[in-house]
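These notes concern the structure reproduced below.
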Amino acid sequence: MGLDLRKLDHLVAVAEEGSFTRAAARLHISQQALSTSIRALEREVGVELLDRDTTGVTVRPAGQALVDDARVLHGITRSALHRARRIGRGERETLRIGHTPAVTGDEVTALLRQTHATHPDLSTEVNQRYPAELTRQLLDGDLDLGLCRAMSPAHGLIRATLLRQRLHIAVAADHRLAGRDTVRLAELADEDIVVWGRPDSSGYTDLLLDLCRTAGFEPRARRNPIQGTPPITAVLGTGHVAFVTAQPGPSAHDDVVVVRLEPPAHVPLQALWPEHTSNDARTTFLTTFT
């Protein structure tokens with residue numbers, strides 16, 4: 001049995017809008033046509049997908065499962081079309097990479113430099129994306145690869161660890177710890193620690209805070225008010241400290257100092273990509289590290 005992708009589009013719209021009226025307006029079709037399409041889809045699947053009442057629409061578990069799979073299917077379809085058109089036109093394959101703010105541009109450049117050492121013809125396009133946007137664009141087929149730290153892969157995505165990097169501490173040049181050669185993790189108990197994601201909603205933030213708890217203290221986390229900036233610069237003008245993967249020494253025009261953290265702690269740099277899609281450039285990149 002095949003599924004009509006157009007009907008799946010209709011289901012996704014209703015699920016996202018929570019209303020047949022709003023979904024019909026979004027899809028530029030009549031509400032009656034939308035309702036008929038959803039009823040037909042339910043008959044094809046053999047179970048009810050939505051609960052309808054006077055207050056709106058609630059997606060049933062079976063409906064949510066189909067919505068999740070529909071997003072994956074559409075991404076696979078778009079990737080397949082993009083690949084076929086590129087091959088048919090004789091165009092060069094470009095690896096479209098997105099990375100979260102937790103992975104710096106310098107780190108991405110280092111990964112690409114290592115890949116280009118053995119694959120100099122690899123063409124890439126790199127842009128920073130926030131985690132939710134990164135996930136959406138991977139599923140939609142707009143990106144081929146995502147680079148992140150401790151992000152849980154959404155349904156339809158695969159995650160692999162490329163390497164593990166040692167953590168250090170960044171502080172402003174006038175901070176009391178700036179003159180130290182090393183800092184022990186337990187010494188941060190009295191410090192405000194800059195994080196980017198909200199605790200309990202960011203895998204990387206939770207990983208960093210759990211390191212502090214393992215060292216015997218409850219961390220005082222402060223979310224960076226300027227999102228998207230490099231981790232090193234977050235300590236400027238705040239008096240806070242930040243976990244970074246940069247090498248120890250002066251940084252940011254000597255306004256920041258990176259101090260070696262003891263005992264050694266490491267964090268993953270990971271790749272995400274859509275399952276069931278083909279991309280030779282991505283395979284080339286991944287096999288350099290995995």
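Would you confirm, using the coordinates I've provided, whether A70 is among the hydrophobic types (A, V, I, L, M, F, W, C), touching a residue at least 12 places away in the same chain (Cβ under 8 Å) and touching a Lys or Arg at 6+ places or on another chain (Cβ under 6 Å)? So A70 does not fit the description; no.
Only one of the numbered conditions (1) closer than 27 Å to Q270 by Cβ; (2) of a type outside the set (V, I, T); (3) without any contact (Cβ under 8 Å) to a residue 40 or more places away in the chain; (4) in contact with a strand residue (DSSP E or B) (Cβ under 9 Å, 6 or more places away or on another chain) is not met by G203, and that is (3). The condition of being in contact with a helix residue (DSSP H, G or I) (Cβ under 6 Å, 6 or more places away or on another chain) and of a type in the set (A, V, I, L, M) does not hold for L73.
Would the range 223-231 turn up any residue that is touching a Ser or Thr at 6+ places or on another chain (Cβ under 8 Å), among the aliphatic types (A, V, I, L, M) and at pLDDT below 95? The answer is no, given that none of the residues of the range 223-231 is touching a Ser or Thr at 6+ places or on another chain (Cβ under 8 Å), among the aliphatic types (A, V, I, L, M) and at pLDDT below 95.
Summed over the range 182-212, the residues that are exposed (fewer than 11 other Cβ atoms within 10 Å of the Cβ) and either at pLDDT 95 or above or not assigned by TED's automatic domain parsing to the domain that holds I232 (or both) give a count of 0. Considering only residues in the range 96-155 that are over 27 Å from V194 (Cβ atoms) and of a type in the set (K, R), the one that is surrounded by the most Cβ atoms within 10 Å (Cβ to Cβ) turns out to be R96. Taking the criterion of being crowded, with 17+ Cβ neighbours inside 10 Å, touching a residue at least 40 places away in the same chain (Cβ under 8 Å) and farther than 19 Å from H99 by Cα, the residues of the range 239-264 that qualify are H240, V241, A242, P248, S251, V256, V257, V258, V259, L261. Only one of the numbered conditions (1) loosely packed, with under 14 Cβ neighbours inside 10 Å; (2) more than 18 Å from the chain's Cα centre (by Cα) is not met by L236, and that is (1). Would you call G63 crowded, with 18+ Cβ neighbours inside 10 Å, touching an Asp or Glu at 6+ places or on another chain (Cβ under 6 Å) and farther than 17 Å from L162 by Cα? Considered against the rule, which asks whether it is crowded, with 18+ Cβ neighbours inside 10 Å, touching an Asp or Glu at 6+ places or on another chain (Cβ under 6 Å) and farther than 17 Å from L162 by Cα, G63 comes out as no. How about the range 89-143: which of its residues are more than 21 Å from H74 (Cβ to Cβ), part of a helix (DSSP H, G or I), free of Cβ contacts under 8 Å to residues at least 12 places away in the same chain and of a type in the set (G, A, S)? Selection gives A110, A117.
The values are calculated or read from the model by the stated rules, or taken from the named source; none is laboratory data. No experiment lies behind these values; they were computed from the predicted model shown. Note that each Cβ is placed from the backbone with ideal geometry, even for glycine, and that neighbours are counted across all protein chains shown.
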